[in-house]
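This report refers to the structure that appears directly beneath it.
The values are calculated or read from the model by the stated rules, or taken from the named source; none is laboratory data. All values reported here derive from a predicted model rather than from experimental measurement. All Cβ positions, glycine included, derive from the backbone under ideal geometry; neighbour counts span all protein chains shown.
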Amino acid sequence: MENPVTYIEVAVPLPVFNTYTYAVPESMRALIAPGLQVLVPFGRRKLIGYILGPGSADGIPKIREIIDVLDESAVFPAAMLPFFQWMAAYYLHPIGEVICEALPGGISKKKKAVTGPKTERYAAPIPDAVVAAPLTEARQAVMDALTSGGGMAVRELAKIVPSAHRQVQALADKGLVVVSDRPVYRDPFGDPVPPDVPHKLNPEQYRAVSTVVGAMGAGFAVFLLAGVTGSGKTEVYMQAAAEAVRRDTAVLVLVPEIALVSETERRFRARFGDDVAVLHSGLSAGERYDQWVRIRCGQSRVVIGARSAIFAPLTDIGLIIVDEEHDTSYKQESRFRYNARDMAVVRARQAGAVVLLGSATPSVQSVYNVLSGKFCELNLKRRIHRQAMPEIHIEDLRKQKESRGIWRFITPALHLAMKETLERGEQVLLFLNRRGYATWPVCAGCGQAVKCRHCDVTLILHQGAGVYKCHQCGYAIKSNVACATCGSNAIKRLGMGTEKIEHAVKALFPEARVARMDRDTVARKGALLEILKGLRHREIDVLIGTQMVAKGHDFPGITLVGIICADLSLSFPDFRAGELTFQVLAQVAGRAGRGDRPGRVVLQTYNPEHFTIAAARDQDFMTFYRQEIGFRQTFQYPPFARMIQLKISGRDPEKTREFAENVGALCRKLQGRATGPHGTGPLGNKTALAGSDLSEQVEILGPIEAPLSRIAGQYRWQILLKSTRSDQLHRLARQLIFDNGAAISSRHVSLAVDVDPFFMM
Ligand SMILES: [Zn+2]
Ligand SMILES: [Zn+2]
């Protein structure tokens with residue numbers, strides 16, 4: 001190296017906002033590069049840090065030396081540093097922790113990979129090889145099979161010639177066949193994924209693909225592909241991806257986090273085979289490490305994965321695809337709170353790449369970006385096999401008030417539709433987004449609900465398990481306990497969960513084979529797979545499930561979807577309640593009639609006139625959007641304003657409240673300073689102007705107790721910072737976090753910063 005680096009700037013994975021300068025001993029200077037991990041002294045500890053670049057010794061009295069360089073090559077490409085820095089600044093999160101979050105577990109712990117991709121022995125005949133002497137009968141049979149097929153997996157060959165393993169080796173020794181280990185891909189059902197070729201596009205798909213391809217290589221652009229369920233979005237993704245690969249750029253595909261491999265992932269596998277690397281939480285640490293290495297060294301040009309795949313160590317991204325872009329699983333709700341959908345746009349902007357966001361139910365945010373000219377819109381309005389969209393019929397649950405027991409929730413219309421569907425030998429899906437048996441157990445003696453000891457929520461009765469369970473903290477007590485308030489043993493099992501629906505359906509249709517899919521039934525490894533297999537092989541007639549059934553799975557035999565109660569999420573204290581409700585209803589309804597028979601949906605609701613329900617019935621996103629966007633504008637919610645939520649929690653109710661009030665007061669002090677008459681900001685005139693316009697100031701709401709005021713023994717408070725001006729909002733938050741470290745840190749209370757919050761309970 002010509003100019004050996006003496007000092008380096010290092011980020012450490014700790015909740016500190018500084019980076020640190022270290023000296024590099026002469027012996028290690030040639031080994032240094034950005035993106036490498038180094039072992040450094042930190043206080044009295046030793047830590048693994050990440051080299052950001054050359055450091056400066058200016059003004060630092062005593063600089064310590066690094067202890068060791070831990071990698072031979074960088075664990076992430078230096079080109080990703082600006083991305084990490086952008087995220088750290090935007091989310092007000094320490095850069096060392098951002099990088100730590102990005103790396104797969106196997107790397108930071110320096111673990112050796114334990115598993116590789118599965119491979120199988122594959123034999124192929126060598127063309128024009130000379131057969132010197134006659135072959136034995138078995139060997140000749142092997143040669144014949146290989147020659148006719150041009151090559152085969154040895155495992156398949158053994159079905160024809162039982163001794164194939166031995167014969168193939170002997171033939172290889174004679175120079176007649178070549179044997180290799182090939183990676184083999186299986187779908188979650190254990191079946192090999194058959195290779196697939198590009199499909200013929202319909203005119204809508206063709207227009208979408210050619211528009212996206214036309215934008216490639218011409219800098220940053222974002223497209224929103226709004227396509228009804230079953231309209232062939234994945235084929236558009238794959239053909240655009242194929243073109244990006246052909247141009248020698250990499251492709252990143254993000255899919256929502258689901259319990260099993262998604263349909264999208266399976267189809268990319270079938271199309272791109274070996275070129276695909278996969279990153280998601282279903283992989284073991286060793287598998288993740290392997291995939292990371294393959295991506296890092298350029299062996300895989302197409303990376304597909306859930307949220308954390310946004311950190312894939314690709315250098316020359318040409319296209320980023322975000323499937324089901326509305327899905328809330330793109331937002332991480334712990335440690336480092338980021339949104340992978342938004343970061344896909346940032347990463348593409350830095351790389352000059354094209355982004356393709358796709359959904360049947362696009363987010364309000366993305367549609368707003370289309371209408372304001374930031375994104376370009378692409379539409380797929382027809383289902384690919386021209387199936388009709390399911391017919392959605394609304395049933396008013398208020399009319400069932402006089403009915404008793406289960407009949408309050410299985411309306412005559414739904415009951416009849418189920419009966420007809422089962423008689424035709426077709427499958428039924430019942431959706432209720434609440435698991436458990438009784439979701440509102442109440443004492444008949446004193447009227448008190450059965451509550452969690454550690455959280456401010458009602459316990460849920462799980463009858464099969466014989467317990468009352470807390471869905472927030474996992475606390476459970478036996479279901480035969482008496483009322484904690486009055487000692488009565490008469491607990492009414494009010495409230496409807498999936499378990500109660502399952503019991504009812506079994507009683508109403510004793511012949512039907514009924515299964516339930518929610519977090520309780522799929523907790524055991526392999527259980528989800530069994531349910532999906534059962535559905536595919538028609539061993540299940542009625543499936544009852546939570547939101548889990550709405551995601552990513554294709555059930556061609558389902559012709560009836562019953563939505564037991566559409567209103568559960570409508571009343572959440574969250575400005576996105578309507579949007580989330582519309583999305584889940586439209587997605588669940590879209591499960592009906594994906595095969596060759598038409599589907600129908602019975603949607604039961606207490607609010608048939610609510611615009612969200614009506615829009616879901618008509619599968620009319622734009623009608624929903626126009627109402628919703630008006631509401632957002634009136635109350636200045638995103639996309640019209642930006643928000644940062646400060647989440648405060650602690651074990652001591654008094655200390656937590658006091659801390660929250662102090663932080664609130666500090667925010668108001670900073671706000672006064674920023675926008676008062678003497679306020680100056682980095683933006684000069686603009687800021688002064690903003691200071692005079694109240695609507696552009698940062699609004700401070702709270703502190704207030706969180707709607708869930710206690711979870712797992714932690715008392716919870718919130719402060720919401722809101723502004724139409726992102727720069728103002730971030731400036732206030734930065735001042736709060738960076739300049740007031742002492743005031744906002746406490747041994748007893750913790751403060752988390754959530755930029756663009758989703759979960760506001
Ligand atoms: Zn009681
Ligand atoms: Zn609890």
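Could you check how many residues of segment 596-620 are of a type in the set (Gly, Ala, Ser) and part of a loop (DSSP other than H, G, I, E, B)?
Final tally of qualifying residues: 1.
Apart from one condition, residue 506 fits all of (1) away from ligand 1 (no atom under 16 Å from the Cβ); (2) out of contact with any helix residue (DSSP H, G or I) (no Cβ under 6 Å at 6 or more places or on another chain); (3) touching a residue at least 40 places away in the same chain (Cβ under 8 Å); the exception is (3).
Put simply, of 459, 494 the only residue that is without any contact (Cβ under 8 Å) to a residue 60 or more places away in the chain, closer than 28 Å to residue 418 by Cβ, of a type outside the set (Gly, Ala, Ser) and within 16 Å of ligand 1 (Cβ to nearest atom) is 494.
Inclusion of residue 455 among residues that are within 16 Å of ligand 2 (Cβ to nearest atom), assigned to a loop (DSSP other than H, G, I, E, B), on the phi < 0 side of the Ramachandran plot and of a type outside the set (Gly, Ala, Ser) is warranted.
Being within 16 Å of ligand 2 (Cβ to nearest atom) and either over 28 Å from residue 606 (Cβ atoms) or in a loop (DSSP other than H, G, I, E, B) (or both) holds for only one residue in 474, 534, 487, and it is 474. Would you mind stating whether residue 328 is closer than 28 Å to residue 752 by Cβ and among the β-branched types (Val, Ile, Thr)? Taking the combined requirement at face value, the residue satisfies it.
Looking only at segment 434-452, filter to residues that are part of a loop (DSSP other than H, G, I, E, B) and among the aliphatic types (A, V, I, L, M); which one of those is nearest to ligand 2 (Cβ to nearest atom)? Before the answer, list the steps.
Step one: of segment 434-452, the residues part of a loop (DSSP other than H, G, I, E, B) are 434-437, 439, 444-448, 450, 452.
Then keep just the ones that are among the aliphatic types (A, V, I, L, M); that gives 444, 450.
Working: 444: 23, 450: 12 Å.
Applying the filter and picking the extreme gives 450.
Among the residues here, residue 431 qualifies as under 28 Å from the mean Cα position of the chain (by Cα), away from ligand 2 (no atom under 16 Å from the Cβ) and not charged (D, E, K, R). Taking the criterion of being surrounded by fewer than 17 Cβ atoms within 10 Å (Cβ to Cβ) and within 21 Å of residue 572 (Cα to Cα), the only residue of segment 710-733 that qualifies is 712.
Taken over segment 216-254, the residue count meeting the criterion of being under 30 Å from residue 391 (Cβ atoms), in a loop (DSSP other than H, G, I, E, B) and in contact with a strand residue (DSSP E or B) (Cβ under 6 Å, 6 or more places away or on another chain) is 1.
In segment 512-527, the residue that is surrounded by the most Cβ atoms within 10 Å (Cβ to Cβ) out of those that are without any contact (Cβ under 8 Å) to a residue 12 or more places away in the chain and part of a loop (DSSP other than H, G, I, E, B) is 521. Sub-8 Å Cβ pairs linking a first residue in segment 564-593 that is free of Cβ contacts under 8 Å to residues at least 12 places away in the same chain and over 17 Å from residue 414 (Cα atoms) to a second residue that is among the hydrophobic types (A, V, I, L, M, F, W, C) and in a helix (DSSP H, G or I), at least 6 apart or interchain, are 571/577, ordered by first then second residue.
The residue that is modelled with the lowest pLDDT, among those in segment 548-578 that are within 17 Å of residue 605 (Cβ to Cβ) and not hydrophobic (A, V, I, L, M, F, W, C), is 571. Summed over segment 528-543, the residues that are free of Cβ contacts under 8 Å to residues at least 12 places away in the same chain and loosely packed, with under 15 Cβ neighbours inside 10 Å give a count of 1. Filtered by the rule that a residue be among the hydroxyl-bearing types (Ser, Thr, Tyr) and under 45 Å from the mean Cα position of the chain (by Cα), segment 149-183 gives a lone residue, 180.
Determine whether segment 52-63 contains at least one residue that is among the hydrophobic types (A, V, I, L, M, F, W, C) and buried (at least 17 other Cβ atoms within 10 Å of the Cβ). Yes: one or more hits. For segment 407-425, does any single residue satisfy the condition of being under 30 Å from residue 233 (Cα atoms) and not in a loop (DSSP other than H, G, I, E, B)? There is at least one residue in segment 407-425 that is under 30 Å from residue 233 (Cα atoms) and not in a loop (DSSP other than H, G, I, E, B). Could you tell me whether residue 447 is over 30 Å from residue 598 (Cβ atoms) and within 16 Å of ligand 1 (Cβ to nearest atom)? For residue 447, the condition - over 30 Å from residue 598 (Cβ atoms) and within 16 Å of ligand 1 (Cβ to nearest atom) - is met. Among what's in segment 587-615 and is among the aliphatic types (A, V, I, L, M) and at pLDDT below 90, pick the residue that is nearest to the chain's Cα centre (by Cα). Here the answer is 588.
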